[in-house]
Structures are given as structure tokens and as C-alpha cells.
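Peer 1: Once you've had a glance at the structure underneath, I'll fire off some questions.
The values are calculated or read from the model by the stated rules, or taken from the named source; none is laboratory data. It should be emphasised that the depicted structure is a prediction, and the values quoted were computed from it without experimental measurement. Here the Cβ positions follow ideal geometry from the backbone for every residue, glycine too, while neighbour counts run over all protein chains shown.
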Protein chains: 4
Amino acid sequence: MNVAIVGGTGYGAVELLRFLYNHPHVKVAKIISHSNSGIPFSEVYPHLTNIVDLEMEALDVENLAKEVDVVFFATPSNVSKHVIPSLIDLGVKCIDLSGDFRLRDGGLYKSYYGEDIAEETYIQQAVYGLCEINRQEIKEASLIANPGCYPTATTLGIIPALSKGIIDKKQIIIDAKTGTTGAGRSLAQGFHFSEMQENFKAYKLGVHKHIPEIEQVLSDVANTELQVTFTPHVVPMTRGIMSTIYVDLKEKLSTKEAINLYKEFYRNDPFVRIREEGTIPQTKEVFGSNYCDIGLYVDERTGKLIIVSVIDNLVKGASGQAIQNLNIMNGWDETTGLTQLPIYP
Amino acid sequence: MNVAIVGGTGYGAVELLRFLYNHPHVKVAKIISHSNSGIPFSEVYPHLTNIVDLEMEALDVENLAKEVDVVFFATPSNVSKHVIPSLIDLGVKCIDLSGDFRLRDGGLYKSYYGEDIAEETYIQQAVYGLCEINRQEIKEASLIANPGCYPTATTLGIIPALSKGIIDKKQIIIDAKTGTTGAGRSLAQGFHFSEMQENFKAYKLGVHKHIPEIEQVLSDVANTELQVTFTPHVVPMTRGIMSTIYVDLKEKLSTKEAINLYKEFYRNDPFVRIREEGTIPQTKEVFGSNYCDIGLYVDERTGKLIIVSVIDNLVKGASGQAIQNLNIMNGWDETTGLTQLPIYP
Amino acid sequence: MNVAIVGGTGYGAVELLRFLYNHPHVKVAKIISHSNSGIPFSEVYPHLTNIVDLEMEALDVENLAKEVDVVFFATPSNVSKHVIPSLIDLGVKCIDLSGDFRLRDGGLYKSYYGEDIAEETYIQQAVYGLCEINRQEIKEASLIANPGCYPTATTLGIIPALSKGIIDKKQIIIDAKTGTTGAGRSLAQGFHFSEMQENFKAYKLGVHKHIPEIEQVLSDVANTELQVTFTPHVVPMTRGIMSTIYVDLKEKLSTKEAINLYKEFYRNDPFVRIREEGTIPQTKEVFGSNYCDIGLYVDERTGKLIIVSVIDNLVKGASGQAIQNLNIMNGWDETTGLTQLPIYP
Amino acid sequence: MNVAIVGGTGYGAVELLRFLYNHPHVKVAKIISHSNSGIPFSEVYPHLTNIVDLEMEALDVENLAKEVDVVFFATPSNVSKHVIPSLIDLGVKCIDLSGDFRLRDGGLYKSYYGEDIAEETYIQQAVYGLCEINRQEIKEASLIANPGCYPTATTLGIIPALSKGIIDKKQIIIDAKTGTTGAGRSLAQGFHFSEMQENFKAYKLGVHKHIPEIEQVLSDVANTELQVTFTPHVVPMTRGIMSTIYVDLKEKLSTKEAINLYKEFYRNDPFVRIREEGTIPQTKEVFGSNYCDIGLYVDERTGKLIIVSVIDNLVKGASGQAIQNLNIMNGWDETTGLTQLPIYP
């Protein structure tokens, strides 16, 4: 199957290429980059010298529709919403790694993304590609809104407890930490090596785009409007997200019981690993892989369940999950092309 | 004034030396190290070649009492409690960077530190050296229990709100992050560079020693028994602590009002800097210095006050605060010897 | 084909597992670790939870010979030399990642490795597994002495120029830099995160074990005894080696001509990439992969050829090259199981 | 004494502020920044909140001359040459951290700096501020060309051997490594945290600006035209330079003898520390301080002397040395304001 990647020079694109290179059923036929059309991809990313010999191209929707079956969008916000409708109309399936089709509420979209939401008809078609939760809908989808990195780690961490009704829906606190690739390839003073090294920082308190996304997913599960407190931080490392989540247990529960509940919930999910009692996952333990590892601890003194969920933000939090979605859409084994193990150390 | 440092090869000791070298009223006359007696200090720490020419010595209490006026203990847990009583009896003032004299409750001490607490009479004499809060008692003290690193960042962050009665005492959640020097100089697999680099991890969920210390300090302020939820994490950097603290506001308050309240509270404290609205402190902004920087944000959607408090764990969280205590005890300007600015970048 | 790995808890072993997991012709049937016998591998390396379910076993040569066809040794120095002879005698092929069978000269071995060399008959059988240079001999070998990390990067960088006779054999200066995994998993103060972070250091000037190995390889190529000046350094990063090599050109040569000469030399070698003029490879560009990337620059002012050669020390410098050797020994495509791309960023 | 700093937002400026804040004889009266005029300095550098309360100003030479006695230039190349002449004419002493006045040869300047050199009369007045070598001339100088970072580490490492005539002047190879602050504060893809982390790279082979500077200094010492081979590299850390220097000994010399020769040479220099046999300095051992530490090793097999010289590039390689020059110019103790110890770990 031929696919194209739009947004060629971002980290999402390069990570898609890393996995798709070893995918048995897929060939990356085109890399689209508005600003780098005509430039060999390996000039921007010399680590792919002798491996990827494509030149980047400008976007031409008609042409694209003729040559590929699926298009991945690894573009900034407010780009894919202008292109995906035409592709869908031409029968091309789209997997969008940006946030353009994730939210259903146009008002929320506008206030967090600064522009109008995509056309309603496509918003309605879009399936939120959180594979472990929406597998059935993904099978039939033509347009996947691939989840954000924080929402993936966070909602996979909360959903089992929430759906079992064992926690208070009014007190959900998410203290999240990401590696720097979460901020993408664009330069910024705060991500200049000299200023990010030996530094740890919080940012966008209360206003991060992923807040409405997390709330939408959790509200769907809970069948009621939820609000969360969410604080993102940046860690001086390239990859990895940890969400440390604090929720109030409605009734007494042991750590062991919580673990069993989570294991049961994810028993058929190859990429979610629930850790044994006493072991809390570390970000490096999923580095470069599509795993989401979850550790649990019940603080009996304060009646809280503490959930620690880790992913590689570029893999399960972006490109890996996008390929997992592609696999599900095509009826291939969900792990196809995604069997690379975590790199450690 | 002549002082001695016990626990010579730890990071606490080397950091005391860094500041005391430029302190106008103090001379480090002795460095005591049980295991390195007879070895030149600069052999263990070559960065002090030509600067510190002392040899480390074994501990000899009588002799020490003759030659110095103050002894700093930068020793592991359960060491200073065996030595400080004799020194106090001989009229030597002691500043203990370990946890031996911080807790008043022997039962709690035993359950978190694994051994019996120090003799009651000395526990009663000990003053908890959180300078900004206990300045008056410190002036008269002979024995200072220098606060732990997490408790310093955390309690300085919470106390203003707590003492003003604006927050719910039942919901205090502390998500704390430290650099690796917090774990000291002893080798451990988890701090081996190859395994700590590009890694972020939580540890000791619900069982960290600093939990009872934080609760004791806050309970004193609140005049009631408090419990907190506290989760420590390790960041792949050497120095710096950030405590991100989540508390529930009893009544509506704007971010600006919260900031003003904190500014007023710390108006006479040279080492606490309350940041302006919209600016959240980063750990690197206090690197190497004795500052505690605090940023505030009111999440109006969820009614929470989010407090971000950062320190350099080895300075305000250990050796710097110890010297600040020494200054207060001697009536010197509180900043003496501590005017080194943060190193940035 | 069933294989075993001896030296289970080292980084060499875990990296063998990472690649062999996706190797279509190989199954890792046993992991041998003297000190961890009976312990599940994923307890030591939780990133392999749910993936590797083997328990480590004590070494039992007879039993091993019955169950596997090839044994990889990822052991410290002076271990494999005691075991490999019995395995070879029992018809098991061995690939030794340690230095025990690399040197032919017993005197040199003793002075650099501190013990007697392995039995002469096995030393003679051993083929030095530098794939690009010794491919023919490797095909027939039963015992592979897998090259050291520095020697791999360094000799691949020098051999083309040396074998073409364009450089002075008397002035070869190698300034080498490695990531910390080169020092292995054993704890040491110098590799404690707090002391290695923000640090760069030279070590073992003039006495590193890889000096005689590099000289042996180059002397073979040059057909005369060579000596090199070799200075290793450690970089605060986990993976990657760069050898910056300074040699004197006998006659004028342009950078372009040097590049063409190298491209011609390695024209059939899938894992060596010669970079275009003006591009010097960076270690991150081979991170996690089996590539050796080489950049060249002729300094016309001083008549020197400067060669920059980079590898991932754990892959092309250890486990990847070991699998490349396995592939060659078995007549499989040389890249089988090694097609994982560099991880960037 | 009032001083001004031009080039306010660069790392050189902020590092000057760090040291001058504790300098007993100096007050920073003005910070000049073309592009940030009117902005409070602590807005750009929040770590100086409550410490530096100056606003940055536009440059006004007349006004500056009235209010300050000395001006530090921490500007990019080709800026100070347009301003310093006027200031000198108005009787203001200038210390230039940029390269504008370092080279004497206009042709070389043009080919390495891309523009015409400063006016000859000021070039002639400029004293190259390598304190340990040119102390006498510095005392009388009005205009200091403060040395570059690589030239400082490198020439301090070579000069003793060169001036004693024990090495071959024709074979000087300098393999240099710097932390990222050497590249300054301006953003660049190669210094984006995500791409610099876990990366080590060589750059500007054969064309770095510091080549003619190093050659000019060494040629002066040797009284003959010298050429060097110089390869700079970047280390994933913020601060620190190591120059590993390879020279050929003319006659046999032991490591011990080399060390004694260096100790004798620098016997009156408080900031140069010659290490004992068997100890090679590491960059972290001078972090944040004005020291230059030098280690020596004679490789008897190849007849080479290997010199390892380390500095903090922002201190002894820039701002610290600038203040050392100020002290010498004013007859103050050379270490005034520079007694901050290395920060370790």
C-alpha cells in the first residue's frame, strides 16, 4: 500500500518513516513539505542518507489521490483541516496527527486553537484514534484524529478506574511531564540547548490545548461533563511523557486490586503493560517503542489512587499510534511494523 | 570563627566549602570523614586542587570542641544523633543537615528512618531551621535541624496560603521533582549515567522520609493535624527541585491577589522571590544560588491554586540554608557569604 | 536457529536481545548469567516486561551445546577464554564480544589485559570479525573475535587511506570520544549521573586496551608494524563513538578525491556510509543503528587528512556487528535483523 | 568604578554581571542592547529578578563616556570595531570580548571574519589580553582584545612547551571540544535541545576563526610562523572547553619532567593549575570558575607530549578573563571578584 506523509520535516514525519521503513505492507511514496519542495529528505535529515531517497514535494491533492491510499498529516495546527476534506471526498483515507479533528465542540476549538474548527461534516466522520478504547470505530474509519501525546498517556491511565466507577469524577489532577520533542522542531529560546539543559519547567498552566481533549475523552467514558486540573512540564530529555495522576477513591481498594482491575481492562491490548505492585514505570523503559506502561499505587493514608502512565511521546503519543491505527483500519495485526523494542540504555 | 564539617565526602560538605570559602567571618578548620581519614580533600574532589589543602580526619569529639565553635553535619541518617549530644554538652553549636533532629515524634521517626530517634532532651532543643519561618527561634538556637530539600521548597510554597486560611487543609497534593544530587554521592544503578540520562521516574510513592517532615511543619502552621499526598520524581539533571502543589481555594481568588498575598508574606525575606503574574520559575533560574522562587496560578475552572516552588536542592535545600542559619545564629546579615548569583545558562 | 547469550545483564546482552527479537531466523533460547541465575530477565530490565520471559541460568557447557547452535559472549575480559574452547570442541560456534580472542600476541595481551592469553590453538582459529574487511574469513569461521568499539570506528576510518598507501604510516593520531555505555553497566564514581553530567573527560591516556587491537589491525593492512597515538574521552551521552583521526598525506589530494576513494572502497558495504563533501557525520545520526558514517576533510594548509568516523558503540561497536557476523557465517543477507533505522531525534 | 556592558542579552554579558555583582570595586551602571532598549534586563533573564534592576539602553557614545570608566563589549563580530575607536578617543578604556581587535593581519581578518579589519591605529593599541602571558602590557593598556575561548585553553596549554623549545613546531594538532554556550544565545537547528542532546559533532573543520588567532599567539612565542591543525567539536553540555593537544617531543622527556616544567612556568599564576602525574583535568572541575587546569602525559611509545587543557568557556574563556584583565589594568589583586569556586557536582 502506498502512503504519503504531509509535513515532511517535522519530528512526527521522521518518526513515521522510521517505523514504516520496516512495515511489510506499506511503502512511503511521497513526502509533502510546503516549504521544502524539491529538497531531498536526507539533506534535512542526514541520518537517513542512503535510506530515504525521496525529494519533498509541494502538495497537489488531485495527484496525491491518484498515487496513494492513505495520507498521514504531521502538520501544525490549523493546516490539515483545509486539505483533508478534499482527500476524503476523493476516497483517500487520512490519519491526522494534528489536533484539527479531535474536538467536537467548535467553541472550545476556537478558544484553544485560535481559529474556526473544520467543517462539521468531517468532524462528525472523524474517529478519535485511541486504539485501545475505540478499536471498533477505527476499523471502519476513513478519517482518524490521532490523539495528542498527553491525552494518550493520561486517558489510558485514567479510563479503567473511571469506567469502573471507583473514583470521584470531581477531583482529577494530572501532573504531566514531557521530553523536548513534544515541542517540535521549531526553534525557541526555551528549547535552546544551553537554556533547556539542567532545567525543569512548568508551562501553559491552565491553558494547554490538550485540556479540552482530555476532558472530552473522559467525559465520554464517564457519561457526564468532567473537568480536570492539568499542568504540563518539560524535562531536559528528548523523548518520553509521564503523567502522574491523582484521583480520590470512592471506597477502599488495595494497590493489588487496582492493578488487577487494570490488567483485566487491558488484557487484549498488546501495547499496554500494567506493572506489578512495587514497580513504577520510567520513561526510558518505553523509549523508542509503542508501549504505554502504567504503574499504580494506592495511598491508604489519604485515600488516593496515584496512577503513573508513561509513553514515548513521538511513538505511542504520535507516529506509532498512527501506524497502529493504520493497521487496525486495514485488518492487519495491530503490532505490524511496531515490534521495535524500547532502546535501553 | 572556626567551623568543622562532618561527612566530608558528601555533596553537602563540598557545597558548604564552596560558600564558606568566600564567607568573611568563617574558616573551615576541619573536615571530618570516618572513611577517608588521612586523605587530602582535594584528592577526592580535584576541583578544589590548590584551594582546599585540608586532610580529612577521624572524628574526635573532645578535640573538635576545643578547636571549633560550630560543627556542620552533612552525614547520612542516623549518624549525627550519636555525636551531636556530646558536642552540645561541650558548648559547641551544631547545624545538622541530616534528618536526625527534624521530627519530634519518635514513632514516626522510627517508621521512616528505621531506628530510634535521638534523645528527647536534644530533640526538644533542636530548632527547625526553616529560616523564613523560624528566624526568631534560630537566633537563640544551639542545635539546628536544617530542613530537608523537598520540605524547604514545599513548605515555603504552601505556608502563606495555609497560614492565611484560604485553602482546604484536606486536599494538599505535592508533585515534586528533584535533580540527581538529591540522591547523594553513593552509587546506585538507577543513578548510573547510562540509565538516568534520558529518563524520568517517580520513586518511593507514599513512603518518602520527607512526608512526616512536611506534615509536621504544615500542621504546626495550621494548628491541626494535616496530611499531604506527596510524590517525588527524579529529573535527568544534577541540581534543582520543583514542587508543583495543588490546593483547593475556599473562596474565589485571582492569581494577582494570590501573588500579592505571597509578596506581602515574604516582604522581608531576601532569598524568597515571588514571581509576577504569567511567569513561572524554572529550576535553572536558581541554579547554584540560595533563592527559593515561587510562581502562582489560580485555575478558575477547577477552583485550585497551583503553586510552583523551585530551589537548588544543594543550596537552599541544604548547605546554603545551613549557612543562612549560621548567619542568623550569629547576628550577621542573613545573606553573608550567600551572594553568589544563579549560574545561567 | 537457537542461540544463547552469556553475560546476560550487561548492555551488550540487552542490545543483542533488542535486535534478535526481530531477527527472522534466530531464537534466543537461553540467557546465561553467573550471578543472576534463576532471576527473570525482565526483573533486571523492566523495559522487556511481557517481551522476554526467560529466566537467567548458570552456565552448563554440555547442556548449552545440546540446545543451541551459536553462543554470544557479552562477558567482561578474561571470562570467555575459559569457556569458548569447550564449546568449540563440542561443535558450537561462538561470537565473542569481549577482547579475549582479538589479539594474537600473548605478551601484549598479558600487558593490556593483565592475564595470560587464551590457548594458542583457539587464538589461531579465531577470526577478527570486522565484517567489511574480513568477510571471506568470517564465512568459514567457528569462532569470531568481535571487534572492540573504538577499533571498529577507527580502523574503518583509516583502512581505505592506509591500504591505498596515500598516508604516512608513522603519524596516526586518533582522538576518540565515547558515550558512557562504553564503560558498561558496572557502577563507578566517574559514571555517577551527578558527576558525569555536564562533564567531558579524557582517560587511560596511552594505556587503553584498544591500542594494541587497533595497531594489530592496521599493521596487517599496512604489512608493517605500525604505532598509533590514541586518546579516549567520555562524552555526557549514553551512546555513540566518534574517532577524529589525523594523518599526513604523502601527496596532494582534494577532499573530493578522498571521498571518492572511500566510496569506492566501501561500495559493497551496506552499513558504511561515506558522506558528501562539506558534511561531517554526527553521533546522533547513527544512534541505535548499525551504521558507520565517515566524513573526510583535507586540510590543505597543513597537508593532513582528517577522518571523522562515527558509530553507535553498542551496535556497530558491539552487538550489531556481532549479528552482522552471525548473518555472514550463515549465508544470510548481511542486514537481516539489522534494518532498524537510526532514532532521531 | 562605573562600567558598562554592551551586548546585553548575550551569555557573555550575563556572565560579566554574575561576577561583577560581587566585585568590590565595580558597579555596572549601564547595560547597552541595541535591540532591547527599554526592556528590563531581568525580563530577558528572570534568574536576575530582584537583583539587576537596570533597563537596557541604546548606545550613546558621548553619554557613555561621561558616566563610565570602562566598557565591556560582549557583542558579535564586526560590531565593536565601529564603536571602540570613539570611546578610546574620549578616554574610556575598553575590553572587547569579541574578535574585532585580536588579529593584526587585515587580510587574515577579512578572510575569517568576512569584513575589513578595524582601523590600524586602534589595532596597534590593542593588547591581547591573555593575562598569564601579557600581564605587563595589559597593565598599561587602554584597549584589551580579550582572547577567544579556544585560543585561551589552547595557547595556555602549548606555550610552556613551545617557549622552552622542547617540541617540533611543525606538528601541532589541536582536537578541541566545547560546551554549547560557545555558540551563544542565537537559535540554530543544531543547538535545538532535541537535536543536540545525545549528540557529539565536529564542525568548521579547517575554517574556524580561532585558527589564525591561535597561530598568531603561538608564532609570537616561537618567533616564527607556525601553523596548527585545529578541529573543534561540540559536546552536549552547556559549559566547558577541553583542548587535547598532540605535539612531538624533540628529545626524550618524562611526564614528571613535563609537569615540573609547566609548574615552574605558571608558578605565579593563580588561575592556572598544573595537575599531578596521573590526573587529567575534567571540564566539570572548572565549571563556573576562572581556572585553566592542565594535565600532561608523555606517550613514550610514539614520542608525543599530550596536553589536556580545560577551562569554562564563558569564564576563563570570556567574561572571567575580561575581569581578570580589568583587575590587572587597575592594579587590583588579579583574583578580585573571581574567587567563586568551581561548582561541583
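Peer 1: Working only within the range B:206-226, note down all residues that are free of Cβ contacts under 8 Å to residues at least 24 places away in the same chain and among the charged types (D, E, K, R).
Peer 2: Scanning the range B:206-226 gives B:E215, B:D220, B:E225.
Yes/no per residue for (1) under 19 Å from D:Y150 (Cα atoms); (2) among the β-branched types (V, I, T):
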{"position": "D:V217", "(1), (2)": "yes, yes"}
{"position": "D:H233", "(1), (2)": "yes, no"}
{"position": "D:L253", "(1), (2)": "no, no"}
{"position": "D:L261", "(1), (2)": "no, no"}
{"position": "D:I274", "(1), (2)": "yes, yes"}
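Peer 1: Between C:D168, C:D175, C:D248, C:D220, which is surrounded by 24 or more Cβ atoms within 10 Å (Cβ to Cβ) and at pLDDT 95 or above? Can you show your working first?
Peer 2: Values: C:D168 fails: surrounded by 24 or more Cβ atoms within 10 Å (Cβ to Cβ); C:D248 fails: surrounded by 24 or more Cβ atoms within 10 Å (Cβ to Cβ); C:D220 fails: surrounded by 24 or more Cβ atoms within 10 Å (Cβ to Cβ).
Matching residue, one of C:D168, C:D175, C:D248, C:D220: C:D175.
Peer 1: I've got another one for you. Give the range A:120-131 a look and list any residue that's in a helix (DSSP H, G or I), closer than 22 Å to A:A74 by Cβ and of a type outside the set (S, T, Y), or say none.
Peer 2: In the first step, residues of the range A:120-131 are kept if they are in a helix (DSSP H, G or I); the result is A:120-125, A:131.
So of that shortlist, the ones also closer than 22 Å to A:A74 by Cβ come out as A:122-123, A:125, A:131.
Answer for the range A:120-131, where residues must be in a helix (DSSP H, G or I), closer than 22 Å to A:A74 by Cβ and of a type outside the set (S, T, Y): A:I123, A:Q125, A:C131.
Peer 1: So which helices (runs of 4 or more DSSP H) are wholly in the range B:1-104 and hold at least 2 residues that are closer than 25 Å to D:G288 by Cα?
Peer 2: Working: elements: B:11-20, B:41-44, B:61-67, B:84-89.
Passing ranges, in order: B:11-20, B:41-44.
Peer 1: Give the residue, chosen from C:Y344, C:Y291, that is over 30 Å from C:F73 (Cβ atoms) and either hydroxyl-bearing (S, T, Y) or not assigned by TED's automatic domain parsing to the domain that holds C:G184 (or both).
Peer 2: Numbers: C:Y291 fails: over 30 Å from C:F73 (Cβ atoms).
Exactly one residue qualifies, and that residue is C:Y344.
Peer 1: Scan the range D:159-186 for residues that are under 18 Å from the mean Cα position of the chain (by Cα), away from chain C (no Cβ under 12 Å) and either of a type in the set (S, T, N, Q) or under 19 Å from C:K201 (Cα atoms) (or both) and report the count.
Peer 2: Going through the range D:159-186, the residues under 18 Å from the mean Cα position of the chain (by Cα) turn out to be D:159, D:174-185.
Now restrict to residues that are away from chain C (no Cβ under 12 Å): D:159, D:182-185.
Filter once more, so that each one left must be either of a type in the set (S, T, N, Q) or under 19 Å from C:K201 (Cα atoms) (or both): D:182.
Of the residues in the range D:159-186, 1 are under 18 Å from the mean Cα position of the chain (by Cα), away from chain C (no Cβ under 12 Å) and either of a type in the set (S, T, N, Q) or under 19 Å from C:K201 (Cα atoms) (or both).
Peer 1: Quick one: how many residues across the range C:221-244 are more than 21 Å from D:K304 (Cα to Cα), facing another protein chain (nearest Cβ under 9 Å) and of a type in the set (S, T, N, Q)?
Peer 2: Matching residues across the range C:221-244 total 1.
Peer 1: For the range D:187-217, what are the residues that are more than 10 Å from chain C (Cβ to nearest Cβ) and of a type in the set (D, E)?
Peer 2: First, pick out the residues of the range D:187-217 that are more than 10 Å from chain C (Cβ to nearest Cβ): D:187-189, D:191, D:208-210, D:212-214, D:216-217.
Residue satisfying the conditions is D:E213 alone.
Peer 1: Restricting to the range A:245-277, name every residue that is in contact with a Gly (Cβ under 9 Å, 6 or more places away or on another chain) and among the polar types (S, T, N, Q).
Peer 2: The one that is in contact with a Gly (Cβ under 9 Å, 6 or more places away or on another chain) and among the polar types (S, T, N, Q): A:T255.
Peer 1: Same structure again: Just one of D:V272, D:V308 is touching a strand residue (DSSP E or B) at 6+ places or on another chain (Cβ under 7 Å), farther than 18 Å from D:T181 by Cα, more than 11 Å from chain C (Cβ to nearest Cβ) and of a type in the set (A, V, I, L, M); which is it?
Peer 2: Among D:V272, D:V308, only D:V272 is touching a strand residue (DSSP E or B) at 6+ places or on another chain (Cβ under 7 Å), farther than 18 Å from D:T181 by Cα, more than 11 Å from chain C (Cβ to nearest Cβ) and of a type in the set (A, V, I, L, M).
Peer 1: Would you mind stating whether A:V315 is β-branched (V, I, T) and within 9 Å of another protein chain (Cβ to nearest Cβ)?
Peer 2: Details: β-branched (V, I, T): yes; within 9 Å of another protein chain (Cβ to nearest Cβ): no.
The answer is no for A:V315.
Peer 1: Does A:I343 meet the test of being assigned to a loop (DSSP other than H, G, I, E, B), within 14 Å of chain B (Cβ to nearest Cβ) and without any contact (Cβ under 8 Å) to a residue 40 or more places away in the chain?
Peer 2: Values: assigned to a loop (DSSP other than H, G, I, E, B): yes; within 14 Å of chain B (Cβ to nearest Cβ): yes; without any contact (Cβ under 8 Å) to a residue 40 or more places away in the chain: no.
Taking the combined requirement at face value, the residue does not satisfy it.
Peer 1: Just for the range C:132-174: of the residues that are part of a helix (DSSP H, G or I) and basic (K, R), which one is farthest from C:R275 (Cα to Cα)? Let's see the steps before the verdict.
Peer 2: In the first step, residues of the range C:132-174 are kept if they are part of a helix (DSSP H, G or I); the result is C:132-140, C:149-163.
So of that shortlist, the ones also basic (K, R) come out as C:135, C:139.
Working: C:R135: 23, C:K139: 29 Å.
Here the residue is C:K139.
Peer 1: Looking only at residues in the range C:21-56 that are in contact with a Gly (Cβ under 8 Å, 6 or more places away or on another chain) and surrounded by 21 or more Cβ atoms within 10 Å (Cβ to Cβ), which one is farthest from the other protein chains (Cβ to nearest Cβ)?
Peer 2: Filtering the range C:21-56 for residues that are in contact with a Gly (Cβ under 8 Å, 6 or more places away or on another chain) and surrounded by 21 or more Cβ atoms within 10 Å (Cβ to Cβ), the one farthest from the other protein chains (Cβ to nearest Cβ) comes out as C:I32.
Peer 1: In the range D:254-269, what count of residues is obtained for those that are buried (at least 18 other Cβ atoms within 10 Å of the Cβ), assigned to a loop (DSSP other than H, G, I, E, B) and within 14 Å of chain C (Cβ to nearest Cβ)?
Peer 2: Qualifying residue count, the range D:254-269: 0.
Listed here are the residues, each with its yes/no results for (1) within 26 Å of C:P160 (Cα to Cα); (2) surrounded by 19 or more Cβ atoms within 10 Å (Cβ to Cβ); (3) modelled with pLDDT of 95 or more; (4) assigned by TED's automatic domain parsing to the domain that holds C:T155.
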{"site": "C:R102", "(1), (2), (3), (4)": "yes, yes, yes, no"}
{"site": "C:Y112", "(1), (2), (3), (4)": "no, no, yes, no"}
{"site": "C:A118", "(1), (2), (3), (4)": "no, yes, yes, no"}
{"site": "C:E132", "(1), (2), (3), (4)": "yes, yes, yes, no"}
{"site": "C:E137", "(1), (2), (3), (4)": "yes, no, yes, no"}
{"site": "C:S142", "(1), (2), (3), (4)": "no, no, yes, no"}
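Peer 1: Return the only residue of A:R275, A:R301 being free of Cβ contacts under 8 Å to residues at least 40 places away in the same chain, surrounded by fewer than 24 Cβ atoms within 10 Å (Cβ to Cβ), assigned by TED's automatic domain parsing to the domain that holds A:H210 and closer than 26 Å to A:P232 by Cα. Quick ask: steps written out before the conclusion?
Peer 2: Numbers: A:R301 fails: closer than 26 Å to A:P232 by Cα.
The conditions single out A:R275.
Peer 1: Also: Basic (K, R) and crowded, with 24+ Cβ neighbours inside 10 Å: is that true of A:K66 in this structure?
Peer 2: Spelling it out, it is not the case that A:K66 is basic (K, R) and crowded, with 24+ Cβ neighbours inside 10 Å.
Peer 1: Any chance the range D:188-202 includes a residue that's at pLDDT 95 or above and in contact with a Cys (Cβ under 8 Å, 6 or more places away or on another chain)?
Peer 2: Checked against the condition, which is being at pLDDT 95 or above and in contact with a Cys (Cβ under 8 Å, 6 or more places away or on another chain), the range D:188-202 yields no hits at all.
Peer 1: I want to confirm something. Restricting to the range A:304-336 and keeping residues that are more than 29 Å from B:Y246 (Cβ to Cβ) and of a type in the set (S, T, Y), which single residue is surrounded by the fewest Cβ atoms within 10 Å (Cβ to Cβ)?
Peer 2: A:T335
Peer 1: If you check C:Q189 against the conditions, is it assigned by TED's automatic domain parsing to the domain that holds C:G288, closer than 30 Å to B:V235 by Cα, touching an Asp or Glu at 6+ places or on another chain (Cβ under 8 Å) and surrounded by fewer than 23 Cβ atoms within 10 Å (Cβ to Cβ)?
Peer 2: Values: assigned by TED's automatic domain parsing to the domain that holds C:G288: yes; closer than 30 Å to B:V235 by Cα: yes; touching an Asp or Glu at 6+ places or on another chain (Cβ under 8 Å): yes; surrounded by fewer than 23 Cβ atoms within 10 Å (Cβ to Cβ): yes.
So C:Q189 passes the test.
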